[in-house]
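The values are calculated or read from the model by the stated rules, or taken from the named source; none is laboratory data. A quick note: this is a predicted structure, and the numbers were derived from the prediction, not measured. When we count neighbours, we look across all protein chains shown, and the Cβ atoms used for this are built from the backbone with ideal geometry, even at glycine. Each accessible area value is taken on the protein alone, full model and side chains, heavy atoms only, with ligands, DNA and RNA left out. Shrake-Rupley method; radii C 1.70, N 1.55, O 1.52, S 1.80 Å.
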Amino acid sequence: MIISIVGTGYVGLVTGACLASRGHVVRCVDVSPERVSLIRSGKAPFYEPGLERLLCEGLAAGRLSATIDLAAAMTGSELSLIAVGTPANGEEPDLSYLEAATIQIGAALRASDRYHVVAVKSTVVPGTTRTTVKSLIQASSGLAPGEFGLCMNPEFLREGSAVEDFLNPDRIVIGEADAKSGKAMEVLYESFDCAKLHVGLEEAELTKYASNSLLSALISFSNELAALCEATPGAYVETVLNALHLDHRLSPIREGARVVPEILTYLRAGIGFGGSCLPKDVNALRSYGRRKGVMTPLLDAVMATNTRRPEQVVRIMEGAMGGLSGRTVALLGLAFKAGTDDLRSSPALAVLPILKAHGASVRACDPFISRDAAAGLGLDHFCAGNLESTLENADAALLTTADPLFVKADWAQMAARMRSAVLIDGRNALRKVRLPASIRYYPIGQGASFLEAGSAAD
Ligand code: NAD
């Protein structure tokens, strides 16, 4: 198929490179000329394992191209995927990029005389595709319903493993306005060997929110349990969660071996969820519920627990050190998770102002973050991927991502560089690592008398 993809962010570019690798002719469109020229030179505008190799292969084979000219990209193409951002605007998704892209697509369709399918890949609340997208295409193209195809095809890839996730999906959800539109999506995904679910447009939109809400709920459940353990001397959340994981309904035994589903990685304590999707999507579903007159007390609590978590983690450090004023704290990790350079809604960035408000001087280390990206975050010092300099004369360190740079560090050497070797493990990623006796190690979710009632977090 010849297809155009509007938006070359994590979703659009990964989708484009992967579909080109499956033999489609893919024309990527973005409003940013810098992005387009980077892509044309075989460089990804963000870090994603395996992406640049696919980009270069697609460009060399002539199956992948990039342009800022949407009308030119759509000439002769059979299908357009909209993959522009729908960032948070308060608790609602900001639809301005989606609306602008849709109007441009409609205008390009006015000049075309062939049947074309428009599929929304961006995450949007139920009804957006059938109302906003459909009516904008009709108005800008002059076409009547049925003269163009309309689908909603949510994306489930995870940053850090986006190429792998896209090429090996669990399922492909095809929300279709009619069977003819859905048929085009079947052709697009013909080479993918997985369940393809043909559903209504609103069901497709809701499936994406349901998926991210479930993951967020599991994380908040684990973090609430961690906070309860922290206020209970003698209790450790890892022990409690490990016992929970052994429930056969969570990890069944098949042919004598325990199957450990990946979903259990979300039933782990941490410093809270972040990134460009989970907080934004849970909030969008809550505000959709309010508009529909449906209460969402569970989702409200998921967000409230998440918002509290950074403060609770700082309390551990404060308690362990007897105060943070005038102390130098090293944040190990700035991105929202290891293996990505995405800072959007990163929990490390939620911890940072709390540490500063307590009077600490904060420096950070993250091998994936550039100096340009770190500038303006409010750090006192940024050491990029240099862990040694980050820890030099630091009073305490807080591990915020489970990056191998931190997990595999020589902690005896690192401790020797610190003024006082206090290490708070915000991911419990070092719990199985043999640490030197010189380190005062505090995993999260471990009861301590300084966190008991009266002094306990919130
Ligand atoms: P992003 O912000 O990384 O990229 C969006 C791109 O769209 C940018 O390059 C921007 O320049 C471009 N753009 C904006 N308006 C445009 C227009 N009119 N024409 C052409 N290009 C335009 O976004 P993302 O992270 O890829 O997310 C895209 C959508 O997919 C969002 O709705 C998001 O919620 C959803 N999603 C994201 C992920 C993820 O892990 N990032 C996963 C699943 C779904």
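Computed values, structure above
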read-out: Asp178 being more than 16 Å from the ligand (Cβ to nearest atom) and out of contact with any strand residue (DSSP E or B) (no Cβ under 8 Å at 6 or more places or on another chain); value: no
read-out: Filter result (open to solvent by 50 Å² or more (accessible area, probe 1.4 Å) and more than 12 Å from Gln446 (Cα to Cα)) within region 218-246; value: Phe221, Glu224, Asn242, Ala243, Leu244, Leu246
read-out: Filtered residue count, region 238-287, keeping only those that are touching a Phe, Trp or Tyr at 6+ places or on another chain (Cβ under 6 Å) and not acidic (Asp, Glu); value: 3
read-out: Some residue of region 194-205 being within 15 Å of the ligand (Cβ to nearest atom) and under 22 Å from Ala17 (Cα atoms); value: no
read-out: Long-range neighbours under 6 Å by Cβ, at least six apart or interchain, first residue within 11 Å of the ligand (Cβ to nearest atom) within region 270-291, second at pLDDT 95 or above and part of a helix (DSSP H, G or I); value: Cys277/Asn212; Leu278/Asn212; Leu278/Ser216; Asp281/Tyr209; Asp281/Asn212
read-out: From the options Tyr236, Tyr189, residue that is of a type in the set (Ser, Thr, Tyr) and touching a residue at least 60 places away in the same chain (Cβ under 8 Å); value: Tyr236
read-out: Entirely in region 132-207, the helices (runs of 4 or more DSSP H) that have 2 or more residues that are at pLDDT 95 or above and of a type in the set (S, T, N, Q); value: 134-141
read-out: Some residue of region 271-278 being open to solvent by 20 Å² or more (accessible area, probe 1.4 Å), within 16 Å of Pro93 (Cβ to Cβ) and outside any helix (DSSP H, G or I); value: yes
read-out: Tally of residues being closer than 21 Å to Phe406 by Cα, touching a strand residue (DSSP E or B) at 6+ places or on another chain (Cβ under 8 Å) and in a helix (DSSP H, G or I) across region 324-358; value: 4
read-out: Residues within region 1-27 that are buried (at least 24 other Cβ atoms within 10 Å of the Cβ), hydrophobic (A, V, I, L, M, F, W, C), assigned to a strand (DSSP E or B) and more than 6 Å from the ligand (Cβ to nearest atom), tallied; value: 3
read-out: Check on Leu54, surrounded by 15 or more Cβ atoms within 10 Å (Cβ to Cβ), under 27 Å from the mean Cα position of the chain (by Cα), part of a helix (DSSP H, G or I) and away from the ligand (no atom under 13 Å from the Cβ); value: yes
read-out: Whichever residue in region 57-71 is touching a residue at least 24 places away in the same chain (Cβ under 8 Å) and part of a helix (DSSP H, G or I) and, among such residues, is farthest from the ligand (Cβ to nearest atom); value: Ala61
read-out: Residue match in region 97-108 (condition: among the hydroxyl-bearing types (Ser, Thr, Tyr), without any contact (Cβ under 8 Å) to a residue 40 or more places away in the chain, surrounded by fewer than 17 Cβ atoms within 10 Å (Cβ to Cβ) and within 11 Å of the ligand (Cβ to nearest atom)); value: no
read-out: Of residues in region 72-85 being surrounded by fewer than 24 Cβ atoms within 10 Å (Cβ to Cβ) and of a type in the set (Ser, Thr, Tyr), the one farthest from the ligand (Cβ to nearest atom); value: Thr75
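Yes/no per residue for (1) open to solvent by 10 Å² or more (accessible area, probe 1.4 Å); (2) away from the ligand (no atom under 12 Å from the Cβ):
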position	(1), (2)
Ser112	yes, yes
Val118	no, yes
Pro126	yes, yes
Val133	no, yes
Ser140	yes, yes
Pro145	yes, yes
Glu155	yes, no
Asp170	yes, yes
